[in-house]
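Read the structure below first, then the notes.
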Amino acid sequence: MTWTRPLKAAGQLGALALVLGLLGLLVWKIASDDAPVASVGQPVPRFDLPTLSGDGRVAVADHVGTPMVINFWATWCVPCRTEAPLLERAAKRYADRVVFIGVDVRDFNGDAKDFVAEHGLTYLIAYDGPAKLWEPWGITGLPETFFVDRDGTIVGHQVGEITDEAELDEAIRKTLS
């Protein structure tokens, strides 16, 4: 009986130390996190991913000097399904002046290939199944689109589905300025 009280107190102190240690790690993580590297006014973060078909690579560095539209999407994202035809039409309209890059994230390769075929997507599609770009780019949900000028600077950012063709054209025109 004499040992019960000290053991109980030691257990409580140990639990308290563990909770305080975890809280300290959480505060450190929040304080040390940098802002996402993909934001308006900043250089477009470089990535080099396999193409969805697996027969090549999609590297942002290869396209600096040409305006870009970079769209993050997935097959399970309902707004991505309704947005895809709008992006495809724009990619065809601006084919000679703007590079469109779709980045399929958190998805199965086979499902993504079916999606591309179903929607007749002809622009570059990169595959990021494990979502390696999600955190560094600061993606908050899908779809998410970045507009990049010829100097490689992000000049626009759309969180959520693009539904208006005129607004999309206006965002693309900013990349051409």
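The values are calculated or read from the model by the stated rules, or taken from the named source; none is laboratory data. This is a predicted model, so every value here is computed, not measured. Cβ sites come from the backbone with ideal geometry, for glycine too, and all protein chains shown count toward neighbours. The area values use the complete protein model at the heavy-atom level, side chains included, leaving out ligands, DNA and RNA. Shrake-Rupley method; radii C 1.70, N 1.55, O 1.52, S 1.80 Å.
List of remarks:
- Extending 7 Å from Cα along the Cβ direction at Lys132 and again at Leu7 yields two label points whose distance is 5.1 nm.
- HN-Hα J in Hz across segment 102-113 - Karplus 6.51, -1.76, 1.60, θ = phi - 60°, x for Gly and Pro: x, 10, 7, 10, 6, 8, 8, 4, x, 4, 5, 4
- Positive-end ranking of Ala91, Val19, Ala171 along the dipole of the chain, with charges on Cβ about the Cα centre, is headed by Val19.
- Between amide H atoms placed 1.01 Å from N, distances below 5 Å from Phe100 occur with Val69, Leu124, all of them 5 or more places distant or on a separate chain.
- Approximate spin-label separation Val78-Val37, in nm, with each point projected 7 Å along Cα-to-Cβ: 3.4
- Label zone at Arg93 (point 7 Å along Cα-to-Cβ), backbone N below 11 Å, segment 137-177: 164-173
- Contact order, relative form, for the chain: 27 percent (alpha carbon pairs under 8 Å, 6 or more residues apart, mean separation divided by residue count).
- Highest GNM mean-square fluctuation among Val19, Val58, Val155, for the chain modelled with Cα contacts below 10 Å: Val19.
- Within the accessible area of the chain, the carbon and sulfur atoms contribute 60%, probe 1.4 Å, all protein chains present.
- Across segment 78-93, rounded Karplus estimates of 3J(HN,Hα) from the backbone phi angles (6.51 cos²θ - 1.76 cosθ + 1.60, θ = phi - 60°) give 4, x, 5, 5, 7, 7, 3, x, 4, 5, 4, 4, 5, 4, 6, 5 Hz, Gly and Pro being marked x.
- Under the convention that each Lys and Arg Cβ holds +1 and each Asp and Glu Cβ holds -1, the size of the dipole of the chain around its Cα centre is about 780 debye.
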